[in-house]
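The values are calculated or read from the model by the stated rules, or taken from the named source; none is laboratory data. Fair warning: this is a prediction, and the values are worked out from it, not measured in the lab. Because the Cβ atoms are built from the backbone with ideal geometry, glycine has one as well, and the counts that use them run over all protein chains shown. What goes into the accessible areas is simple: the full protein's heavy atoms, side chains included, and nothing from ligands, DNA or RNA. Shrake-Rupley method; radii C 1.70, N 1.55, O 1.52, S 1.80 Å.
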Amino acid sequence: MARNPIVPMHSILSVLDEMKPQLAHFFRAKRFYDSRGWVGNINPSDFVESEPERFVHSFIALSKKHTLRGFHFQDEPVAQEKIVHVIQGQILDVSFRLDDTAVPPCTFHAYLGDDFESDTALLASNLAHAYFVLSETAILLYMNSAPYDANLAQVINPLDEGIGFDWGVPTDRLIISDRDRAGMSLAKFRGFE
């Protein structure tokens, strides 16, 4: 698979908060290596300069190869910014702006994890987010700017033709939850259905 352009780490912290993030940013978290292996810091303050304490909710997900999760987002008043860090494995991380009116929408995507240039994504609250597992398993750490709220959590079907994203494998090989498969279409989200 071809790699996508990556935003270099040195440019992230200096401009991120000024941009009022409308995009996804991809970079590698700091790791310190020695003869035993490595240890890394995964703190919101490593990725954002202002108000890193806003990332108040975290969880870990383990997924099998060909798992497709998303496109997830949470509505206002508690929309979530996300830091998604691949602890182990490899994923294709994909998101798009919820206010993008193009069909298909412009996607932000990157390969994250072991053997890739980046292992972490910082995602603005106006993005719908999905990922596809490339390795045998992948372990991800999420840090969110708001707790999960089942009444506000939304799903757009990642296989929706209106999005038109090619996940690179036949749909019968995807492992996808019933909730994600039953997610609304992009047209319904935009009020056209």
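Odds and ends about this structure:
- Checklist (1) charged (D, E, K, R); (2) out of contact with any Cys (no Cβ under 9 Å at 6 or more places or on another chain); (3) touching a residue at least 60 places away in the same chain (Cβ under 8 Å) applied to Arg97, failing item: (2)
- Failed item in (1) at pLDDT below 90; (2) under 20 Å from Ile163 (Cβ atoms), with Leu98 passing the rest: (1)
- Any hit, region 88-105, residues being crowded, with 17+ Cβ neighbours inside 10 Å, in a loop (DSSP other than H, G, I, E, B) and of a type in the set (A, V, I, L, M): yes
- For Ala138: the one exception among (1) small (Gly, Ala, Ser); (2) without any contact (Cβ under 8 Å) to a residue 60 or more places away in the chain; (3) buried (at least 22 other Cβ atoms within 10 Å of the Cβ): (2)
- Among residues of region 153-169, those that are open to solvent by 40 Å² or more (accessible area, probe 1.4 Å), more than 17 Å from the chain's Cα centre (by Cα) and within 16 Å of Tyr131 (Cα to Cα), counted: 2
- Residues of region 176-192 that turn out to be assigned to a loop (DSSP other than H, G, I, E, B), of a type outside the set (Gly, Ala, Ser) and surrounded by fewer than 13 Cβ atoms within 10 Å (Cβ to Cβ), as a count: 1
- Pairing residues of region 54-83 that are at negative phi and part of a loop (DSSP other than H, G, I, E, B) with residues that are among the aromatic types (Phe, Trp, Tyr) and crowded, with 16+ Cβ neighbours inside 10 Å, at Cβ distances under 8 Å and at least 6 apart in sequence or on separate chains, gives Ala79/Phe73; Gln80/Phe73; Glu81/Phe55.
- Within region 138-175, if we keep just the residues that are in contact with a helix residue (DSSP H, G or I) (Cβ under 8 Å, 6 or more places away or on another chain) and in a strand (DSSP E or B), the residue that is farthest from Asp100 (Cα to Cα) turns out to be Met143.
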